[in-house]
Each structure stands twice: as structure tokens, then as C-alpha cells.
Amino acid sequence: MEWELILEVGREPGQSLYLAIARALSEAVRDGRLSEGTRLPSSRQLAEALKVQRNTVVAAYEELEAEGWIESHERRGTFVAAQTVRSPSPARGTPGERCAFALPPPIAGPPRPPDVPFPLSGGLPDLNLVPRDALARAYRRVLRRSPSLLGYHHPAGHPKLRAEVASLLRRYRGLRVGADEVFITSGAQMALFLVGQLLLRGSQGTDVAVESLGYPPAWSAFESGGARLHAVPIDDEGIRVDALSQLVHRLESRGRGLRAVYVTPHHQYPTMVLMSPSRRLALLALAAEHRFAVVEDDYDNEIHYAGQPVLPIASSDRHGSVLYIGTLSKVLAPGLRLGYIVAPRAVIEHLTHLRRVLDHQGSHAQEAAVAELFEEGEVQRHVRRVRKLYAERRGVLAYALERELGEVVDFDLPAGGLALWVKVAEVCPSDWADRALERGVAMVPGRELNLAR
């Protein structure tokens, strides 16, 4: 069934009705409401919709075809012709045209990764390895069993996926967590946004500390809540808690308090440094003493190659200071948009209210399908497969870097993750990344990850 064409016909005094219809259609083409190649209703259908004689519409179509606006094809129908003249698009944001009200400055954020043959921007899984067939079968099963999954449900996520994530975190990450303390989000970015809104909405404290080299999308999420960001330096043990302590005391001396600190302790983004045990304990003690939140982003815990991954900071939290964020983007695929927040039940209740305002809920059908993959062990088998492949590919990349660029680059192999942090010698041109992009190779230069830039 075709969509109904909504057409407003304004007839001038003395103007023939067929010409009024023709002018209305040509104006719709000029405005772009009818694009090139669009199939128009048959003369009978349009006559019924406009409540006019069919011959009137036939005459209007003949007029438009004579003017070159449309073209008719026997047994196929009538279509908007190619190469038709369009009205110029008004300037975006020009008052009185397309946007007649004032807009605030846009929130700064990283540019979209370029579409190039060799994307080396780091942190992205190979989509060819995703168990698509198993996911499709699980999706069909859950929809056949429960068509109600396509309706409205609890904003915190499908109960089976919440339970599976809680089980994963208990068994492999040392968190003492139940399903009712897990909140499923549409990716880790939504988790960061919701946490930012939770911590900063209606709060007198808007100061948030972040790692000095860090993750710009997280900065944008906090800034959207009104945060004032403070860069804290990092070294080979992670974020410098001594510098963070100095910041806390400096703010308190001015009558302000730190609201939160955002950290990536398992594989610091982007340096891949592992935060030392002493730093973790010092961070927890400082947070408990000064009552600020630790937002721990554990974005690729499953991807490790040697031994067991270090347990998250949240596993040692005894005071309820940590809001723990994870994602299934590295385990499966970023397009599935599945992340989660682990927090006390009172926080989950607040997040539920915020989620209702934003988009009410995620896709419970998709969440139920992924939960089945967990139950069947498919996710666990997939992780084991890709770990081996990613380790091999990392070895090939490291060998190539050392062989081809060993004199000008330096890097350490982290114990896991999907990225390498490569330090470039000063003799290399500053526009190296730009020149690589011109040749189809995309990298993220460090200057884009520096809050102080």
C-alpha cells in the first residue's frame, strides 16, 4: 500500500482547478517534499483524495509533464522527473527562515570517525566476527514466544538480561550485585549521559574531574548536564590521586565540592595504562571522605590476552561511591547499543525516572534475544574466539610497527584491549595523522584526546 499524498491546493480567483492542482504539485517538488523518482498516485487515487473529477487530475498531470516536472511510463506509473529545479535551501539556523529561535552553542564533541579503507581509530570490534546467525535465531524465538516484547516495559531493561549481566559481573568481575542493581542502557554513551544528568541535575556542585588524556564523548555527556570539567594528570599508574586530592581541597577552599571523577582504570583511555592497586584504594578512600562519586568506565574488560583481568574498582567499594558503567559493544557490536550501569537500588530508581523522560526504554526484544545468547553460552564462546583472533592481529600490527616505524614510534603492549597507544618521535611531522587520512588511514591523534588543548 502506498503512502497517501497530502496536498494543499490553493486556488486563485479565476484559476482553473487543474492548474491549481498542477501548481501545488510543482511547488511540492520545488520544496523537496516530492523528490526525484517519487512515484505519484494514479489519477484515480489522487482524484478520490482531492474529491475532484478524474479528468481534472489527468489534465493537471498532462500540464506538469509538458513542463518537465513529471514523466509517465506505461504500466509503471507517473514519477517526479529527474533534474527538476528546486528552491534554494535556506541557511541553517537563519532567523525567520528554517529556525526562528535562538540556539545555544553546540556541545563540543569529537568528530565522527571518517569512512576510510583502513580505520585504525582503535577500540572497535570486527563486525564480521559477530554471531549474527545465532542472534537472528534468538530474536525470532523470543518474538514468536512473546510478541508483547514489542510493547512498553520497564525502563531499566529486560529482567533476563539484567540477571545475566549481574551473573557475569559476580562471576568474573567480583561485584556483589543483584539484577535489581543493573540498569540496561542504549550503549555506554547513554549510560554516561544518564549518570551526568543524575549527578548534576539540581545540584549545587557542577565540578567533575576527568583524566587529562581521556574520552571526549564522556566529557560531552557531563558537559550536557552543566559540568565544569577539571583535567587531572595521569602517569604509568593511572590517574594521579595526589593531584586529584589537591583539586578537591582547592575547590573546597572556595566553598565548592567535587561532584564526581570519571576514570577508565582497567585500560586507561587512550594510553591503555592499568591503574595500580594503591591508586585504586587511595581513590576510594578520597571519594568516601569527600563524598564524591567515582564513575568507573570498564569498557573492554572481556578483551584480555594474558592471565585474568584486574578486578574493577567497584569490586572493592564498601561505601557506595562507585557508579560502574560497562558495555556489550566490544563483546558483540556497537550497533546493538547495549550498555549498563551498576548502582545502588535508590540510584536505579532515579535512573528509571530519567530514562522515561529520554526514550522510556530500550528494545526489550533485542535484550531478550541477547540474554538467550548468554544462557546458551554463545556469548562466552564468542569472546573466547575473538580473544585469540585479536591477539594474533595485535601481534601482526606490533611487528609491522616495529619493522617499518621502529625508529620513530614507541609503544607498550597492554595486557588486553583493542587499541595501542603509540608515541611518535618529535622528528615526525605534526600533521602526520592528517596526511595518513589523505591516504585512507584513520588514526586518532593525541591532541584530540587532550582536554587542555
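The values are calculated or read from the model by the stated rules, or taken from the named source; none is laboratory data. Because the structure is a prediction, the values reported are computed rather than measured. Cβ atoms come from the backbone with ideal geometry, glycine included; neighbour counts cover every protein chain shown. Quick note on the areas: whole protein, heavy atoms, side chains included, nothing else; ligands and nucleic acids left out. Shrake-Rupley method; radii C 1.70, N 1.55, O 1.52, S 1.80 Å.
Observations on the model:
- Filtered residue count, the range 336-347, keeping only those that are in contact (Cβ under 8 Å) with a residue 40 or more places away in the chain and either within 24 Å of Ala136 (Cβ to Cβ) or open to solvent by less than 10 Å² (accessible area, probe 1.4 Å) (or both): 6
- Residues located in the range 250-264, provided they are more than 21 Å from the chain's Cα centre (by Cα), not aliphatic (A, V, I, L, M) and not in a helix (DSSP H, G or I): Arg254, Gly255, Arg256, Gly257, Arg259
- Of all residues in the range 121-136, those being under 14 Å from Pro334 (Cα atoms) and open to solvent by 40 Å² or more (accessible area, probe 1.4 Å) number 5.
- Residue within the range 353-366 that is assigned to a loop (DSSP other than H, G, I, E, B), within 18 Å of Leu192 (Cβ to Cβ) and touching a residue at least 60 places away in the same chain (Cβ under 8 Å) present: yes
- Selection count, the range 1-43, where residues are under 22 Å from Arg54 (Cβ atoms), part of a helix (DSSP H, G or I) and of a type in the set (Lys, Arg): 1
- Scanning the range 24-55 for residues that are surrounded by fewer than 19 Cβ atoms within 10 Å (Cβ to Cβ) and among the β-branched types (Val, Ile, Thr) yields Thr38, Val52.
- Enumeration of residues in the range 405-424 that are in contact (Cβ under 8 Å) with a residue 60 or more places away in the chain and either in contact with a strand residue (DSSP E or B) (Cβ under 7 Å, 6 or more places away or on another chain) or surrounded by 15 or more Cβ atoms within 10 Å (Cβ to Cβ) (or both): Pro414, Ala415, Gly416, Gly417, Leu418, Ala419, Leu420, Trp421
- Among the residues of the range 45-73, the ones that are of a type in the set (Gly, Ala, Ser) and in a loop (DSSP other than H, G, I, E, B) come to 1 in all.
- Here Val379 does not qualify as within 27 Å of Arg259 (Cβ to Cβ) and part of a helix (DSSP H, G or I).
- Restricting attention to the range 272-294 and to residues that are in a loop (DSSP other than H, G, I, E, B) and out of contact with any strand residue (DSSP E or B) (no Cβ under 6 Å at 6 or more places or on another chain), the residue that is surrounded by the fewest Cβ atoms within 10 Å (Cβ to Cβ) turns out to be Arg291.
- For the range 245-267, a residue qualifies if it is closer than 17 Å to Leu192 by Cα and open to solvent by less than 10 Å² (accessible area, probe 1.4 Å), and the qualifying residues are Ala260, Val261, Tyr262, Val263, Thr264, Pro265.
- Hits in the range 437-453 - residues which are open to solvent by 80 Å² or more (accessible area, probe 1.4 Å) and acidic (Asp, Glu): Glu438
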